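Taking it in order: structure first as structure tokens, then the write-up.
Read the figures in this text as sums done on the coordinates, not as results from a lab. These figures come from a predicted structure and were not determined experimentally. Note: ideal-geometry Cβ built from the backbone for every residue, glycine included; neighbour counts use all protein chains shown.
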Amino acid sequence: MTLDRDEIDNLQPLGDLAQIESLALMNYVSPETDWSCLTELKHLKKLHLGYTGLDTEAIKRLKETLPECEVIEH
């Protein structure tokens, strides 16, 4: 699944996609966004991040939160 073009400030609806294996966020994500819902995606193997605006520390925390998921920065 790819989310592109729109600014994202709420990732909670993604928590309902329990079987998703790959997610691409190719847009700006507000720094206040809660990423915890991604831990509900037990089958997520790849998370592609492009143009998100996340700083190095935020990406590091995200990788720690999702240790079984390959986080790919574009």
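Computed extension gain for Gln12 through Ser36, at 0.36 nm per residue and net of the alpha carbon distance, reaches 7.8 nm. A Cα-only calculation for the chain places Rg and Dmax at 11.0, 28 Å. Shown here for the chain: trypsin sites (Lys or Arg not before Pro) in loop regions (DSSP other than H, G, I, E, B) with at most 14 other Cβ atoms within 10 Å, namely Arg5, Lys42, Lys45. Picking from Gly15, Cys69, Trp35, whose Cα lies most toward the positive end of the charge dipole for the chain (charges on Cβ: Lys, Arg +1; Asp, Glu -1)? The one lying farthest along the dipole's positive direction is Cys69.
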